[in-house]
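The values are calculated or read from the model by the stated rules, or taken from the named source; none is laboratory data. Since the model is a prediction, treat every value here as computed from it, not as a measurement. All Cβ positions, even for glycine, are placed from backbone atoms using ideal geometry, and neighbour counts span all protein chains on display. Only protein heavy atoms, including side chains, enter the accessible area calculation; ligands, DNA and RNA are left aside. Shrake-Rupley method; radii C 1.70, N 1.55, O 1.52, S 1.80 Å.
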Amino acid sequence: MPVKKTHANCTQDIDAFFSPVYDKGKKTYRNCNHCIKVQKKSVPFINEATTLHYHLQAYHKADYLQWAVANKFASMLPWDMKCCHKDALLHMQSNLDSHLAPRE
């Protein structure tokens with residue numbers, strides 16, 4: 001029986017690379033743990049999965065991919081998601097609607 005993904009294991013990658021969520025005004029933020037080590041100051045990002053994944057792809061891709069393999073986690077980086085989507089479209093069965101025309 002397939003294991004249903006929960007919210008906890010969908011954000012496992014974000015939790016591994018970013019600090020816990022904190023409020024600042026009306027928005028919530030997270031700090032990048034890797035950038036804090038390098039820059040010696042907090043590096044806040046708005047707590048949105050897409051924003052956080054784009055940051056990981058731009059600055060920590062190698063570390064992220066290594067972590068994903070070690071934790072048997074499918075990469076959620078934007079480029080990898082686009083490639084998976086394109087592959088899925090290639091393997092889908094095409095339909096005949098565009099080839100059919102009404103008889104006269």
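Here are a few things to note about the model shown:
- Among Arg103, Arg30, the sequence by solvent-accessible area, most first, with a 1.4 Å probe is Arg103, Arg30.
- Protection proxy ranking, highest mean first, for peptides 10-17, 40-47: 10-17, 40-47, where packing is the per-residue count of other beta-carbon atoms within 10 Å, averaged.
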